[in-house]
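In what follows, a structure is listed as structure tokens, so that the remarks can point back to it.
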Amino acid sequence: AQKVTQAQTEISVVEKEDVTLDCVYETRDTTYYLFWYKQPPSGELVFLIRRNSFDEQNEISGRYSWNFQKSTSSFNFTITASQVVDSAVYFCALSGGGADGLTFGKGTHLIIQP
Amino acid sequence: DVKVTQSSRYLVKRTGEKVFLECVQDMDHENMFWYRQDPGLGLRLIYFSYDVKMKEKGDIPEGYSVSREKKERFSLILESASTNQTSMYLCASLALTGFDMNTEAFFGQGTRLTVV
């Protein structure tokens, strides 16, 4: 069975601080896909990134960066120079690539204080 | 622009009512999903469908059923609504493009259902 653990229930930082959201996953699949989604107060899930298990290259997109390490089964997400607009619930998710959807972590509520 | 549309943003129903939550996608995706989201529990899969008229149970199917008569539409049905089904319901769709799943799951805006 697949499992995604986001141990941080809530994180609160002051604007401009860097913050890292942790994600640890479990799967028996040799091929799998990892995702991060952002859920702002409006409720809609916004796709941020997808990474497949064959690509351990870290990715940077503006202030966002992701660190994928198969050795520790982790896919962590870092926001550099955080802004108030980054306040949201962030979900990490895992898929085996089949038709049975994504397995989500419980989410991390990120609060950026001005 | 890709779209997954859920018929209602907010819904209030009475205990025992039959409730239909509708989801429509315009991306010609094969796979559609219903999740419910509760505080502290994340998103949990209720049912999914990989083709018209096909359905599979997810992790928490009890008290729910689904219908997929057309590829673009996936309905979640609460046969007899109960207060413990008060939740946010999210519909998603995605296409599987073979070995390299070069796609993402697209989500609707969510339906916040309150059962009183």
At B:Thr5 and A:Val13, where each label point lies 7 Å from the Cα along Cα→Cβ, what is the point-to-point distance in nanometres? 3.9 nm
Taking the simple approach of a point 7 Å from Cα along Cα-to-Cβ for both A:Ile111 and B:Glu22, what is their distance in nm? 4.0 nm
Fluctuation leader among A:Arg51, A:Arg63, A:Arg28 - chain A, Gaussian network, Cα springs under 10 angstrom: A:Arg28
To the nearest 0.05, what FRET efficiency results for B:Asp51 and A:Thr5 with a Förster distance of 22 Å applied to their C-beta separation? 0.10
In a GNM of chain A with a 10 Å cut-off on Cα contacts, which of A:Val14, A:Val24, A:Val89 has the highest mean-square fluctuation? A:Val14
Once you've got the GNM for chain B with C-alpha springs shorter than 10 Å, pick whichever of B:Ile46, B:Ile60, B:Ile77 has the biggest mean-square fluctuation. B:Ile60
Taking R0 as 45 Å, what FRET efficiency do you get between B:Glu69 and B:Thr114 from their Cβ-Cβ distance, rounded to the nearest 0.05? 0.95
Each label point is 7 Å from the Cα along the Cα-to-Cβ direction; what then is the distance between the points at A:Asn58 and A:Thr31, in nm? 2.8 nm
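FYI, it's all coordinate maths here, none of it is from the lab. Being a predicted model, the structure only gives us computed values, none of them experimental. Cβ sites come from the backbone with ideal geometry, for glycine too, and all protein chains shown count toward neighbours.
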